[in-house]
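Have a look at the structure below before the remarks.
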Amino acid sequence: QSSISHLSTTFKLLGRSARWGTAAEVYCNPADIEAVRHYLAGYRKQCVRAGYVAAAARPWGLPQLAQLLADMDAAAVDPPRGRGPAALRSALVRWDQAMLSFIGDCGKRGADCGQLGVDDFSGPGGRALDPANFRPAEGEVWSCRMFSKTRKLERGPGIAFRYSAVQPGCCTNFLWRFEQYLAARVALGQPLGRYLFSPTDRRTLAFQDAAL
């Protein structure tokens, strides 16, 4: 159903928005013919019989994000100890939390976050990010200038993040979450390389120094 919807939208953007048979074929939308409409009606009925009920999408706001991050805290070993599977799981949970809080703080796309590099961040006075010794002071502001889907040739304007450990559970606290993630990576013996959110290898045994 979504594929047909996307196809119909594509034809409309090309100027072919008329219902099939109401104008010359060059102006009609092939995805809006009677056979397709019957197919979609039957598909929806079949979904209802199978127990699927269409519902309007609900916005997922900051309170829901805060609850998710709080629930994930229970899955992380804090502080992480050793370099075994438990420490790796802790680092992966902190990885998820750091990315989710980054998206929650600035509203960027998840795909763009996968390209974030250490060089995209700078601290007070233009201080470079040192992943192995990231200990910002309370109230310290760090800036991020990143490439994105709409800015592929140059970095966008700076995004400011203020560090606070007073309310570490707050979802709008990316730097605190990021600090926990970096600490977990160091404890694991796999400190951050060039990219913030690097993937793991196929066996999920180690982080790779690559973009997501």
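The values are calculated or read from the model by the stated rules, or taken from the named source; none is laboratory data. None of these values were measured; they are calculated from a predicted model. Quick reminder, even Gly has a Cβ in these numbers, built from the backbone with ideal geometry, and neighbours come from all protein chains shown. For the accessible areas, the whole protein counts, side chains as well, though only heavy atoms, and no ligand, DNA or RNA atoms are used. Shrake-Rupley method; radii C 1.70, N 1.55, O 1.52, S 1.80 Å.
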Inset, instruction - Looking for whichever is assigned to a helix (DSSP H, G or I) and either touching a helix residue (DSSP H, G or I) at 6+ places or on another chain (Cβ under 6 Å) or exposed (fewer than 10 other Cβ atoms within 10 Å of the Cβ) (or both) here; the options are Pro59, Pro63. Which one fits? - result: Pro63
Inset, instruction - Go over the candidates Arg44, Arg37, Arg19 one by one and state the one that is open to solvent by 90 Å² or more (accessible area, probe 1.4 Å) and out of contact with any helix residue (DSSP H, G or I) (no Cβ under 9 Å at 6 or more places or on another chain). - result: Arg44
Inset, instruction - Considering (1) open to solvent by 30 Å² or more (accessible area, probe 1.4 Å); (2) at pLDDT 85 or above, say which one Leu175 fails and leave the rest. - result: (1)
Inset, instruction - Confirm whether Pro191 is assigned to a loop (DSSP other than H, G, I, E, B), at pLDDT below 90 and open to solvent by 80 Å² or more (accessible area, probe 1.4 Å). - result: no
Legend entry - Residue check for Ala206: small (Gly, Ala, Ser), crowded, with 19+ Cβ neighbours inside 10 Å, under 18 Å from Arg94 (Cβ atoms) and at pLDDT 80 or above: no
Legend entry - Unique match (being without any contact (Cβ under 8 Å) to a residue 40 or more places away in the chain, open to solvent by 40 Å² or more (accessible area, probe 1.4 Å) and basic (Lys, Arg)) among Arg135, Arg155, Arg109: Arg155
